[in-house]
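The values are calculated or read from the model by the stated rules, or taken from the named source; none is laboratory data. Predicted model, so just to flag it, every value in this text is computed and none were measured. Please note: Cβ atoms are built from the backbone with ideal geometry, for glycine as well, and neighbour counts cover all protein chains shown.
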Amino acid sequence: MPQNNHNKHASTISARTGERRHDHEWPRPESMPIYQTSVFTFDDVDDVLEYYTDRPPGRYLYSRNGNPNVVSMQEIVAQLEHAENACASASGMGAISAAIMAACSAGDHVLLSREIYGGTLVLLRTLLHRFSITVSLADFTNLSEVVSSLTPSTRLIIGESITNPLLSVMDIKALADIAHDAGALLLIDNTFATPIVIRPIELGADIVVHSATKYLGGHSDVSGGVICGSSSFIEQANHVITTIGSNLAPFDAWLIARGIKTLPLRFKQQCLNAQTLAIWLAKDDRLQNVYYPALATHSTHHLAQRQFAEELYGAIVTIGLKGNRDAVNTFMRAVPSLPFAPSLAGVTTSLSHPSTTSHRGFTEQERKAFGITDGLIRISVGIENVKDLIEEIDAGLIATT
Ligand SMILES: Cc1ncc(COP(=O)(O)O)c(C=O)c1O
């Protein structure tokens, strides 16, 4: 049977991910086996009909519709997010697509934070608009702009708990109130903050999504996505995932579950390293800007202080070089130990260039208006010794000046 971890600390929930789920079976492995099967067997037609009628827990039919590794991982993320339930998809984008499709119908409007992962904008602009779902952008750090951007058909408001790439923090409780007054749902992408720093559902958000490719997996070796919410919403979102076939594979669910075991440890160390690095960088006049929510100079620092747990502010630090793309190339070539890998959240530090990768789906004008310049580098801080990191980044800055 699954462990009852309700009311336990995140470290306990995470460490016990997938443990001793199958007490009725022999042998009893301590670590959850991988159910690498596309289908499950039945004794006869009565047996399969009983499955369809009763849906007994622990029984499965076909891995696209459900698999023990996927269900186990979903349960753990739901517990970490203090959500009623969760469902999983093959990627973060799979989760975001399914959540939007479950929430919206033709004619609905989605209000999106203007600071958002580029893929979410591209999904709405280039694909879902063909199904008559409209989208507009607003500055979610300005609540009156959010209110004035609502339309009578706004059904969903989408923001991020720490935005990509400028690391702004939004007032989730206020956004939830605005959404609910307008008869809309609030979806928060909690990929950058993780439930270790904030649990948006406790603040009133209806839906939380994760790119599990990032901190939940944590080792840059798997793609996945998770949606958390009420049981009734998760049923609808799971219907989208299983119907369109964007389900998570068993081995990938196992890898993500394995990653979650060390999420609190890893993420805390990454956040502490990021904070030390950001404080060091903030004093450096070779840089145009340093974005990190723990810094008093960050425009949403006070909100971060109020909302975030354990004085942790996430593990991404974004820097603006004084030059443009050439300066970025010079910096990257001078620090070969920090790979340019257009993702984030692995245990090793990596660099990304938002304007040419994650945010290339925005128009040049939008990027300029939102501060996503060509000189911006997003640093995903890992668990290395922070003095080594500072030395390496210093070498990059020396090269650019
Ligand atoms: C904040 C955020 N949400 C969602 C995604 C999409 O996740 P995936 O690449 O797993 O589809 C990303 C990817 O970088 C992201 O940064």
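Kindly indicate whether any position in the range 198-216 is more than 26 Å from S11 (Cβ to Cβ) and of a type in the set (A, V, I, L, M). Steps first, answer last, please.
Taking the range 198-216 and keeping what is more than 26 Å from S11 (Cβ to Cβ), we get 206.
Filter again for of a type in the set (A, V, I, L, M), leaving none.
No, every residue in the range 198-216 fails to be more than 26 Å from S11 (Cβ to Cβ) and of a type in the set (A, V, I, L, M).
Exactly one of these conditions fails for V290: (1) closer than 30 Å to K173 by Cα; (2) out of contact with any helix residue (DSSP H, G or I) (no Cβ under 6 Å at 6 or more places or on another chain); (3) without any contact (Cβ under 8 Å) to a residue 60 or more places away in the chain; (4) assigned to a strand (DSSP E or B). Give me its number.
Condition (2) is where V290 drops out.
So for the range 189-198 (the condition being surrounded by fewer than 24 Cβ atoms within 10 Å (Cβ to Cβ) and not hydrophobic (A, V, I, L, M, F, W, C)), does at least one residue qualify?
No: zero hits.
Those residues that are under 21 Å from L265 (Cβ atoms), away from the ligand (no atom under 16 Å from the Cβ) and either touching a His at 6+ places or on another chain (Cβ under 7 Å) or of a type in the set (A, V, I, L, M, F, W, C) (or both), I need them from the range 298-352; list them, please.
Within the range 298-352, F308, A309, L312, V347 qualify.
Within the range 97-135, can you find the residues that are within 11 Å of I158 (Cβ to Cβ) and either polar (S, T, N, Q) or without any contact (Cβ under 8 Å) to a residue 40 or more places away in the chain (or both)?
S113, T120, L123, L124, V135
Do the conditions hold for S63, that is, is it over 23 Å from the mean Cα position of the chain (by Cα) and not assigned by TED's automatic domain parsing to the domain that holds T363?
Values: over 23 Å from the mean Cα position of the chain (by Cα): yes; not assigned by TED's automatic domain parsing to the domain that holds T363: yes.
The answer is yes for S63.
Among the residues of the range 317-363, what is the count of those that are in contact with a strand residue (DSSP E or B) (Cβ under 6 Å, 6 or more places away or on another chain) and over 25 Å from K387 (Cα atoms)?
Final tally of qualifying residues: 1.
Which of the residues spanning the range 39-65 are part of a helix (DSSP H, G or I) and either out of contact with any Pro (no Cβ under 9 Å at 6 or more places or on another chain) or polar (S, T, N, Q) (or both)?
Across the range 39-65, the qualifying residues are V45, D46, D47, V48, L49, Y51, Y52, T53, D54.
Among the numbered criteria (1) in a loop (DSSP other than H, G, I, E, B); (2) in contact (Cβ under 8 Å) with a residue 24 or more places away in the chain; (3) more than 17 Å from the chain's Cα centre (by Cα), which single criterion is violated by S343?
(3)
Of all residues in the range 297-330, how many are part of a loop (DSSP other than H, G, I, E, B), under 24 Å from I383 (Cα atoms) and not acidic (D, E)?
7
What about T363, is it within 21 Å of L124 (Cβ to Cβ) and within 14 Å of the ligand (Cβ to nearest atom)?
So T363 fails the test.
What helices (runs of 4 or more DSSP H) completely inside the range 66-156 contain at least 1 residues that are in contact with a His (Cβ under 6 Å, 6 or more places away or on another chain) and within 14 Å of the ligand (Cβ to nearest atom)? Before the answer, list the steps.
Working: elements: 68-80, 92-103, 118-122, 143-148.
Output list reads 118-122.
Inspect the range 26-35 for any residue being farther than 26 Å from G245 by Cβ, among the charged types (D, E, K, R) and part of a helix (DSSP H, G or I) and give the result as yes or no.
So the first thing to find is which residues in the range 26-35 are farther than 26 Å from G245 by Cβ, and the list is 26-31.
Narrowing further to those that are among the charged types (D, E, K, R): 28, 30.
Still in the list and also part of a helix (DSSP H, G or I): none.
No: zero hits.
Return the only residue of L166, L143 being hydrophobic (A, V, I, L, M, F, W, C), over 30 Å from H9 (Cβ atoms) and out of contact with any helix residue (DSSP H, G or I) (no Cβ under 6 Å at 6 or more places or on another chain).
None of the other options fit; the residue is L166.
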